[in-house]
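A.B. asks: I'd like to ask you about the structure that follows.
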Number of protein chains: 2
Amino acid sequence: MSPESVAETLRNQGLKVTPRRLAAARLLFESGRAMTPEEVRERLRPALGRLGLPTTYRILDELAGTGLLTRVERDDRVLSYAACRAEPGRHHHHLVCTGCGRVEVVGCAFPASQRRDIERRTGFRVTGHRMQVEGLCGDCRRRGR
Amino acid sequence: MSPESVAETLRNQGLKVTPRRLAAARLLFESGRAMTPEEVRERLRPALGRLGLPTTYRILDELAGTGLLTRVERDDRVLSYAACRAEPGRHHHHLVCTGCGRVEVVGCAFPASQRRDIERRTGFRVTGHRMQVEGLCGDCRRRGR
DNA sequence: GGATAGATAGAAGTGATTTCTATCTATCAT
DNA sequence: ATGATAGATAGAAATCACTTCTATCTATCC
């Protein structure tokens, strides 16, 4: 993801293109890993000088709102954010490495047939689903985590 | 879920069978809905007299650990708990009504073929997935929520 | 090169959840 | 049944993630 396309996405959403927003997006796109707001802040501080924690939270939330980032959850409910490389508008999920936090895009694993099946059995209308796949990336497997 | 089988599950896990634990399990099994710890506490207080909030959190966490309850998440990250009626040991997910919080068990919607596909494409080993299906139950649809 | 709406820093506040400690009780062995 | 004990609970206090508030700054538009 180039800085230009990040800037374009921000503008399309009516958000100003600021150094902090660009730096946060760049950090997550270059690392490919999920990070907590606190970690993002610590990593950006050397380059940005001051960076408020409320600003960090807000920026990550806004970038997730544009689809540039995705939220990643762990069992202990710690929230982190990662770059989302999915094609815009395409339904997808994320595969998260439990060793290093690396995040990849995967296609949706919820077939329409299953959805109809659930609707018939339960009487619900299915309106959505949240899904996150977990695994160990090649590097972490080799390292034996 | 009878009080006896709740008690049996508790004993199997090395947990004492206490009135508070039984009451919490009973409340959630009888209502069929997801509730926050605060809501569970308010509902149990009339019958139990005193019930500490830390106790409520701990009991819900323990019951979720035994598989009797399941955690339900919302977009706003509010955590609640609901009775889990799945057969023990059987892989499953939960369908949550966004109108009233009613929770049903559904089968796993993640075929092994998809999993292998993901592993081949990403080099990850897939170790698990978290999934929650959302919808509107029949009652809530009729009420036009 | 202003004007202005939106962005940011830092202090303070909030609220969910946890920790701590003294007291209580379910359970198990008499 | 009864006493011993490990585990459970109440309530106060602490913690921690996250948000609000307000004054100051800056990207953007003219």
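A.B. asks: Give me the inter-chain shielding for A:91-101: mean count of other chain Cβ atoms within 10 Å, whole number please. Could the numbers behind the result be given before it?
C.D. replies: Values: counts 0, 0, 3, 0, 7, 3, 4, 3, 1, 0, 0.
That average works out to 2.
A.B. asks: For the peptides A:13-20, A:107-114, what is the packing order when you average, over each peptide's residues, the other Cβ atoms within 10 Å and list the highest mean first? Intermediate results must be reported in sequence, preceding the final value.
C.D. replies: Details: A:13-20: 12.1, A:107-114: 15.2.
Highest mean packing first, the order is A:107-114, A:13-20.
A.B. asks: Same structure again: How long, wide and thick is the protein assembly as shown, going by the Cα atoms along their three principal axes, in whole angstroms, largest first?
C.D. replies: Largest first, the protein assembly as shown extends 62, 49, 43 Å along its Cα principal axes.
A.B. asks: Okay, next question. Nearest 0.05, what FRET efficiency do A:LEU48 and A:VAL78 give at R0 = 25 Å with Cβ-Cβ as r?
C.D. replies: For R0 = 25 Å, the calculated efficiency reads 0.60.
A.B. asks: What is the sum of charges, Lys and Arg at +1 and Asp and Glu at -1, for the other residues whose Cβ falls under 12 Å from the Cβ of B:GLY123? Kindly include the intermediate steps, with their values, before the conclusion.
C.D. replies: Numbers: positive: A:ARG102, A:ARG141, A:ARG142, B:ARG120, B:ARG121, B:ARG125; negative: A:GLU104, A:ASP139, B:GLU119.
Overall, the nearby charge balance is +3.
A.B. asks: Let me ask another. Measure nothing but the geometry: give the 0 to 90° angle between the long axis through the Cα atoms of B:112-122 and the longest principal axis through the Cα atoms of chain B, rounded to 10°.
C.D. replies: Taking Cα atoms only, the helix is inclined about 60 degrees.
A.B. asks: What is the Cα centroid distance between region A:1-75 and region B:1-31, reported in whole angstrom?
C.D. replies: Region A:1-75 and region B:1-31 have Cα centres spaced 45 Å from each other.
A.B. asks: Something else now. Compute the long axis of helix B:37-48 from its Cα atoms, compare it with the longest principal axis of the Cα atoms of chain B, and write down the angle in degrees, 0 to 90, nearest 10.
C.D. replies: Value to nearest ten degrees: 30.
A.B. asks: Report the local net charge at B:ALA83: Lys and Arg +1, Asp and Glu -1, summed over other residues whose C-beta lies under 11 Å from its C-beta. Don't jump to the answer; show the numbers that get you there.
C.D. replies: Numbers: positive: B:ARG26, B:ARG33, B:ARG85, B:ARG102; negative: B:GLU30, B:GLU104.
Surrounding charge for B:ALA83 is +2.
A.B. asks: Positive end of the dipole of region A:3-142, charges at C-beta (+1 Lys, Arg; -1 Asp, Glu), about the Cα centre: which of A:GLY101, A:LEU69, A:GLY32 has its Cα farthest in that direction?
C.D. replies: The residue sitting most towards the positive pole is A:LEU69.
A.B. asks: Also, quick follow-up: Mind checking the dipole of chain A: about its Cα centre, +1 per Lys or Arg Cβ, -1 per Asp or Glu Cβ, Debye to the nearest 20?
C.D. replies: Working: 27 positive and 17 negative charges, 16 e Å.
Computed about the Cα centre, the dipole is about 80 debye.
A.B. asks: Take the Cα coordinates of chain B, assign each an equal point scatterer, and use the Debye formula without solvent to give log10 I(q)/I(0) at q = 0.10, 0.11 Å⁻¹.
C.D. replies: -0.41, -0.49
A.B. asks: If you don't mind, another one. How high is the relative contact order of region A:3-142, in percent, with contacts defined as C-alpha pairs under 8 Å that are six or more residues apart?
C.D. replies: Details: 170 pairs, mean separation 28.0, N = 140.
Relative contact order for region A:3-142 comes out at 20 percent.
A.B. asks: Additional query: Less than 15 Å Cβ to Cβ from B:LEU10, Lys/Arg counted +1 and Asp/Glu -1: what total charge do the surrounding residues give?
C.D. replies: +2
A.B. asks: For chain B, what does the helix formula give at 222 nm: sum of -39500 (n - 2.57) over DSSP H segments with n ≥ 4, over the residue count, nearest 500 deg cm²/dmol? Write down the numbers at each step before the final one.
C.D. replies: On the way: 6 runs with 65 residues, N = 145.
Result for chain B, helices only: -13500 deg cm²/dmol.
Every number in this text was worked out from the coordinates using simple rules, so none of it is lab data. The structure displayed is predicted, hence computed values, not measured ones. So basically every Cβ, Gly included, is an ideal-geometry build from the backbone, and we count neighbours across all protein chains shown.
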